[in-house]
Structure formats: C-alpha cells, structure tokens
1. Within the stretch 1-58, which residues are under 15 Å from residue 195 (Cβ atoms) and among the basic types (Lys, Arg)?
2. Looking only at the stretch 225-248, which residues are part of a loop (DSSP other than H, G, I, E, B) and touching a residue at least 60 places away in the same chain (Cβ under 8 Å)?
3. With respect to residue 164, determine if the residue is of a type outside the set (Val, Ile, Thr) and either over 25 Å from residue 52 (Cα atoms) or not assigned by TED's automatic domain parsing to the domain that holds residue 209 (or both).
4. What about residue 372, is it out of contact with any helix residue (DSSP H, G or I) (no Cβ under 6 Å at 6 or more places or on another chain), free of Cβ contacts under 8 Å to residues at least 40 places away in the same chain, under 14 Å from residue 337 (Cα atoms) and not basic (Lys, Arg)?
5. Among (1) touching a Leu at 6+ places or on another chain (Cβ under 9 Å); (2) under 20 Å from residue 96 (Cα atoms), there is one condition residue 306 misses while meeting the rest; what is its number?
6. Please enumerate the residues belonging to the stretch 158-176 that are part of a helix (DSSP H, G or I) and either surrounded by fewer than 24 Cβ atoms within 10 Å (Cβ to Cβ) or polar (S, T, N, Q) (or both).
Amino acid sequence: MEHVKQFYIGGQWVAPRTDKTIDVINPATEQPITSIAMGGAEDVDAAVAAARAAFETFSQTSRQERLDLLDSVIAVYSRRLDDLADIISQEMGAPLSLAQAAQAVAGLGHLGTARAVLADFEFESRVGGSLVVREPVGVCGLITPWNWPLNQIACKVAPALATGCTMVLKPSEVAPLNAVLFAEILDEAGVPAGVFNLVNGDGLGVGAPLSAHPDIDMVSFTGSTRAGVEVARAAAPTVKRVTQELGGKSANIILDDADLQTVIARDMANMCTNSGQSCNAPTRMLVPAARMDEAAAIAAEAARDIVVGDPREATTTIGPVVSATQYSRIQQLIEKGIGEGAKVEVGGPGKPEGLDTGYYVRPTVFSHVSNDMTIAREEIFGPVLVLIGYEDDDDAVRIANDTVYGLSGYISGGADRAKAMARRIRSGNVHLNGAGVDFNAPFGGYGHSGNGREWGAFGFEEYLETKAILGYGD
C-alpha cells in the first residue's frame, strides 16, 4: 500500500515526525502484511492545527455543499468496496464473505444514513422570542477499534462531515490499513484540506495526546471500558465533550414460549459472527432453568455447525480472532470458566483440529453458568457462549440487569411479553425476536458501556453545540 508509512494531514500525505513502525499481522497466517508508521505528540499537534485552520471555513459551509460532499464520498467509497473488504479480511481475519457483505458495506450504510439525515435536519428552531441554533462542536478527535473498523470510522466521520466539524482520526494500530484506504477515498472525493486528518499510532503515543489536546473540542471513542476511562481522564482538564461506546456483556433472554430449537441455533450463530468480536454480541443466553439441558444440546449442535477456517475459503463461517493477545485472553477466560465449575458442552481450550497456524478459537458453549462466574461478568470477545438458567420473567430481568454493562439486550418469545420485558432491561439497545441493527436508531450504552449515542439523527447530536440567540424577534 502506497501510504502506510505516511499520515494524511492538511490534505497531504506527509512523513511522520518519528521513525517508529509496527507490523500489521494477518491473524490467519501470523505473518506481517506490512508495517505502518507510528505517530506521536508532534504528529497530533500538526493534525489538530490543520483541523483547527480548516474549521473556520468548513463550519460555515451550506447544507447543500455538505450534501454534495457526502454524495462524492459515497460514490468513491462504493467504487472501493472490494478493496476495503479485501484489506479488512487480511488485517483482522474476517471471512471475505463477511467483509464484503457486512464489514465494508457498514461504512457505506452510515455515510448514506448521514446524508439522508442531513437533508432534513433542523439546525434552527424558534422557542418563544429566541432562536435556537445548532452549530458544529468544533475539532473532533476520533478514536476507533479494530473489530468493526469501517463501521466505527464511518459512524463518526459521516456525522462530523454532515454537521460541519473537522477531525483527526486515530484508528486501531491492530487493523489500520482500511483507515488508510478510507483517507484515500476522502481525498479523492474532494474533502477540503484539513477537514479530515489521519494519524496512526497506539493509545499512549497518539490517543492520549489527542484526548488531552487543548484544541480538540470533542473526543469520540470506541473501544474497551478500560481504555475509555483513560480517554475521559486525559480529556477532563480541558473540559471537552467525551462520548464513549465501550464494552458489553449482553443478555439474551429466551422466553419459555419461544421455539428453542430455532431461536437458540439462530442466536448461537449470531453470537459467533465476526468470531464473537462484537461489543453488542449476545453472549449471556438466559434460558428457563428447567430446560437447561435441552437448551445446551441445541447450542452445542449449532456450535458444531460453525466452520472455523481460512477467511478466504467460501465455506468458512468464522475466521481467527484478531491477534495473539486476544487469543491468549480468550483461552485464559475459557480455562477460568472450567475452573469455576461451568460445564463445557462443546469446544473448550486450544485451537480447532487442523488449524495450528493462526489465532483460531474453538466455538465454545458453557452451560449451568451462574451469573457471578467470571465468564458471565467479563467480556470474552470470542466465540464463547454462556448459558444461565432463570426461574421466571422477574428472575430473567434481574439476571440480565446484574452487570456493570448495558450496551445491548435480546429477547425472543411472544411479542407482547417481549415488548413489556424490553422496557425493563437497562441497556441502550434491545433486539426483539432476532431483529438486526438499524442505522437510523441510536446506538450506545448504559453504565460501563459508555455514554452518548451514535448512528442516524441521534449521532448528529454529539457533534453539535446549542446556542440560544435571545431577543431575536419575528
């Protein structure tokens, strides 16, 4: 790739201020794809200065100018879809089919949604004799993860562009190559110089100085709760806005009137999508206690149907997890579950048979789990399901809400009963009867899952300040 050793600052590809690099590893082969430059505080300073200089002009652009700009970005992005899917599959191990059908197109979905929202968004309203104006918040620091990289980049960049903000993006150093392609797309689409800037690096070298920078007005972070706390701490002295989409340990309540065979098989497969590396994955499956063994047998059979293998093979269901670090953590948590007395129905420690190279994890089902076990409390971020029994609806709600997290929830069963229960779940999303995500609906969490909301019109709010012009008159 042409620009992996450079940063995109002020509309130009520029050399980094340091000579530090890091290898980008293909998790299926455990071999480097390439290496990228790693930035530092001086690179952040340059990118923020470019964004600050561009803000004065870009913040004053018209709605139509920004609509035209988004149209151009969408057109170029659409032409590069195959390139984006290919590099995502290589750098984070997603099956090529998933990268094409979900990973790459998710970014396109957020761009299109932001464009549609912008077309009708009310930036001004009257309240009595005052005019209330919604204005761009300023220069934004965007810090994104490796697991759904383009989804998270686009759901931040699109509303920032739409509302007239300028920005500096720090993608994950684990899977940064798609972000380099994304910068090339924005450059080709004609995004004005300084409006979008890219600096690669790690949390200490780039994330911390970006979060603390006095000329950054807002930080939008997606990643682990631990790292989110550090971002908020770094940002606090400059009293900037911080929005966070963090970890999750989402409960999936299977009601006793649901078709267990259909629902459990469906949700086991759903949980394992992207090798279980989704913050909103339904990893805690709550089933009627009296039917635990029946539910476990169904989940185990569904797990055996999952094909773990080479991301390039058409028959592969899930590829490897993203890194040696992630693999090791998942293995430790599987061992912890065994040690605490949970029953392994299928899977367990180690790699699947015949997959000695690559960070592959065996799809694993634990049954007879109590909600105080480590595997029910901590985010595993791998293809590991825990089955927890409940006695009645009130008990299911209690267990579901007994967590520090609150990103998503899932309920399957009779529609009226599921709808009533959804109102009692303390999470930012609740999916009823297999409903998927909705780019127009708000995405974000309660508790340790973060604050603020992304996606659709709700995502615009994070990038806007509110001004009241009093005595405005007629």
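1. The one that is under 15 Å from residue 195 (Cβ atoms) and among the basic types (Lys, Arg): 52.
2. Filtering the stretch 225-248 for residues part of a loop (DSSP other than H, G, I, E, B) gives 239-240, 246-248.
246, 247, 248, listed by residue number.
3. Details: of a type outside the set (Val, Ile, Thr): yes; either over 25 Å from residue 52 (Cα atoms) or not assigned by TED's automatic domain parsing to the domain that holds residue 209 (or both): no.
No; evaluated as a whole, the condition is false for this residue.
4. Details: out of contact with any helix residue (DSSP H, G or I) (no Cβ under 6 Å at 6 or more places or on another chain): yes; free of Cβ contacts under 8 Å to residues at least 40 places away in the same chain: yes; under 14 Å from residue 337 (Cα atoms): yes; not basic (Lys, Arg): yes.
Yes; evaluated as a whole, the condition is true for this residue.
5. Unmet for residue 306, out of (1) touching a Leu at 6+ places or on another chain (Cβ under 9 Å); (2) under 20 Å from residue 96 (Cα atoms): (1).
6. Going through the stretch 158-176, the residues part of a helix (DSSP H, G or I) turn out to be 158-163.
163, the sole residue that qualifies.
Quick grid of which residues meet (1) out of contact with any Gly (no Cβ under 9 Å at 6 or more places or on another chain); (2) buried (at least 17 other Cβ atoms within 10 Å of the Cβ):
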{"site": "292", "(1), (2)": "no, yes"}
{"site": "296", "(1), (2)": "yes, yes"}
{"site": "321", "(1), (2)": "no, yes"}
{"site": "345", "(1), (2)": "yes, yes"}
{"site": "351", "(1), (2)": "no, yes"}
{"site": "377", "(1), (2)": "yes, no"}
{"site": "380", "(1), (2)": "no, yes"}
{"site": "389", "(1), (2)": "yes, yes"}
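Conditions (1) assigned to a loop (DSSP other than H, G, I, E, B); (2) surrounded by fewer than 22 Cβ atoms within 10 Å (Cβ to Cβ), marked per residue:
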position	(1), (2)
263	no, no
270	no, yes
279	yes, no
287	no, no
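The values are calculated or read from the model by the stated rules, or taken from the named source; none is laboratory data. Predicted model, so just to flag it, every value in this text is computed and none were measured. For neighbour counting, all protein chains shown are included, and Cβ atoms are generated from backbone atoms with ideal geometry for every residue, glycine included.
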